[in-house]
Amino acid sequence: MSSAADWLEQLEARLEQQLDAFLQANPAQEALLQEQERRERRQRQRQLLQQAEALRSTLLRLAADIRQWRDRAQRARAAGALDLAGRADQQVNQLMERGRQQWQALEQLGQQVQSNTNARPSSTANEPLDQAWARFELDQELEQLRRQQNQRH
């Protein structure tokens, strides 16, 4: 098994060397490759932000549902319908558990967004202006989502 792994590692190293040599000999291809990588990073960033926004909307709907069911439980208690109030309380607890799960998913997504942001090159001086601007806008959207999340804590 180790000889197969060694062979695979050697093949991988050889292919990497050939790619490096090709890119050094063809700077235009290297630039195209870098551009494609930047586009893919931006696309991943946009997808993560869309997922975060969807989770945020779900959390807002859950919060509204929780308020509604709490009000219903209070009205039922006030009217002496304790069985109905208990069922409404159970619904509140279920909704709150879903909210906790959604919040955890949002936090994990935030970590992914952060690591994706940190993985990108920090210098935009060599980037075309439209790419630097797109990156700036994504960073601004991410920061806005973070502020909204922190305000809800």
What 222 nm value per residue comes from the helices of the chain, counting each DSSP H run with n ≥ 4 as -39,500 (n - 2.57) and dividing by all residues, nearest 500 deg cm²/dmol? -33000 deg cm²/dmol
Karplus-derived 3J(HN,Hα) from phi for region 139-146 (6.51 cos²θ - 1.76 cosθ + 1.60, θ = phi - 60°), whole Hz, x at Gly and Pro, runs 4, 5, 4, 4, 5, 5, 4, 4
Work out the FRET efficiency for Arg61 and Gln140 from their Cβ-Cβ distance, taking R0 = 25 Å, and round it to the nearest 0.05. 0.50
For the pair Leu129 and Asp20, how long in nm is the line joining their label points, each one 7 Å along Cα→Cβ? 3.7
Measuring from its Cα centre, the chain shows a charge dipole (+1 at each Lys and Arg Cβ, -1 at each Asp and Glu Cβ) which, in debye to the nearest 20, is 1320
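Coordinate-derived values only; no laboratory data. Just so we're clear, the structure is a prediction, and the values are computed from it rather than from any experiment. Neighbour counts are summed over all protein chains in view; Cβ atoms, including those assigned to glycine, are modelled from backbone coordinates with ideal geometry.
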